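Engineer: Attaching a single structure in structure tokens format; questions to follow.
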Amino acid sequence: MVVIDFSDNAPQQPKRPHIVNATVIDISQTIIGKQESEEKAAKQQAALSEKKRKEAEQNQKKEAERKALEDKQKKVAQAKQIKEKAAEALQKSNEKKRDAEQKRITQETEKKRLEQVADKKRLAKEAEVKEQLSKELIRKAEAERVAIEERKRQEEAARLAEQKKAEEEAAQAAAEEAKKRAAEEAQMVQSISSLINNRVTSAWIRPPNARNNMIAQLRIYFLPNGEVMNAQVTKSSGDALFDQRAVDAVYKVRRIEELATVDSYIFERNFRQIDLIFNPQDLRN
């Protein structure tokens, strides 16, 4: 580049650059350096304190774990000691019981032995007394004993005979009563059976083709109140209409009121289900 100056002034001298003398400064001696140094020292101190705190916590934790382990070991040892003492006490108790049982057995054995000795002495004394008695007294005593036994035997025989007689009379009365009830029951069963037969026959609607040789057998199921629960043909007459009219007659009757007054035992035996031979006698040949 070319610069031309057209001014009237004399040419200016070029400016000389300022000379800067550089001086090395220790930053740590400055305020900022001191502040950074203090902050760094504080951080190091804080890190060291944190490290010591964590070490202290770890030491406390290890110490707590050690104490817990010691406590656990102490408890295990105490439990073992208690168990051993309990076992020892149980063994001593069993030994005492065994000794007491042995003592009891020994005492009972000795007691039995003494009783046997006493019995032998008593028997020997009784034998001696008997020997001293005269034969006449022994005979009288024996005769009296025999007489007493004979009297007891006769009294027992009389009692047994009286008892047998009473039992036979009671059995006979029971048999007669049962026979009477059976006859009454049979008469009542016959009466109600005839009643059922008559009512079914009365309710029967004669089919046009009914003949004398047509016989249908029905099975009728009753409820305890006398109502007809079911009716079915067990033996056909050979004519479907004749059979159906017979079943219809049963359902038409619907209920036999007299069955409601029958004893439950008699009802179950005789009327819970009955077989009715349906054979009208006034049919055409």
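Engineer: Quick check on Arg151: is it at pLDDT 90 or above, on the phi < 0 side of the Ramachandran plot and open to solvent by 80 Å² or more (accessible area, probe 1.4 Å)?
Structural biologist: Working: at pLDDT 90 or above: yes; on the phi < 0 side of the Ramachandran plot: yes; open to solvent by 80 Å² or more (accessible area, probe 1.4 Å): yes.
Spelling it out, Arg151 is indeed at pLDDT 90 or above, on the phi < 0 side of the Ramachandran plot and open to solvent by 80 Å² or more (accessible area, probe 1.4 Å).
Engineer: Could you tell me which of the residues Asp243, Asp275 is outside any loop (DSSP other than H, G, I, E, B) and open to solvent by less than 70 Å² (accessible area, probe 1.4 Å)? Give the derivation first.
Structural biologist: On the way: Asp275 fails: open to solvent by less than 70 Å² (accessible area, probe 1.4 Å).
Going through Asp243, Asp275 in turn, the sole match is Asp243.
Engineer: Could you go through the range 109-132 and let me know if any residue there is farther than 30 Å from Asp263 by Cα, hydroxyl-bearing (Ser, Thr, Tyr) and surrounded by 10 or more Cβ atoms within 10 Å (Cβ to Cβ).
Structural biologist: Yes, because at least one residue in the range 109-132 is farther than 30 Å from Asp263 by Cα, hydroxyl-bearing (Ser, Thr, Tyr) and surrounded by 10 or more Cβ atoms within 10 Å (Cβ to Cβ).
Residue-wise test of (1) more than 21 Å from Gln190 (Cβ to Cβ); (2) touching a residue at least 40 places away in the same chain (Cβ under 8 Å).
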site: Arg245; (1), (2): yes, yes
site: Lys252; (1), (2): yes, yes
site: Ile256; (1), (2): no, yes
site: Ala260; (1), (2): no, no
site: Phe267; (1), (2): no, yes
site: Asn270; (1), (2): no, yes
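Engineer: Can you pull out every residue in the range 167-226 that is under 51 Å from the mean Cα position of the chain (by Cα), within 12 Å of Phe278 (Cα to Cα) and in a helix (DSSP H, G or I)?
Structural biologist: Ile196
Engineer: Being open to solvent by less than 50 Å² (accessible area, probe 1.4 Å) and either over 13 Å from Ile256 (Cα atoms) or assigned to a loop (DSSP other than H, G, I, E, B) (or both) is the filter here; which residues of the range 227-240 pass it? Working first, answer last.
Structural biologist: Keep residues of the range 227-240 that are open to solvent by less than 50 Å² (accessible area, probe 1.4 Å), which gives 228, 231, 237, 239.
Matches in the range 227-240: Ala231, Ser237, Asp239.
The values are calculated or read from the model by the stated rules, or taken from the named source; none is laboratory data. Here the structure is a predicted model, which means the values were calculated and not measured. Here Cβ is always computed from backbone atoms with ideal geometry, including for glycine, and neighbour counts include all displayed protein chains. Heads up: the accessible areas ignore ligands, DNA and RNA and are worked out on the full protein's heavy atoms, side chains in. Shrake-Rupley method; radii C 1.70, N 1.55, O 1.52, S 1.80 Å.
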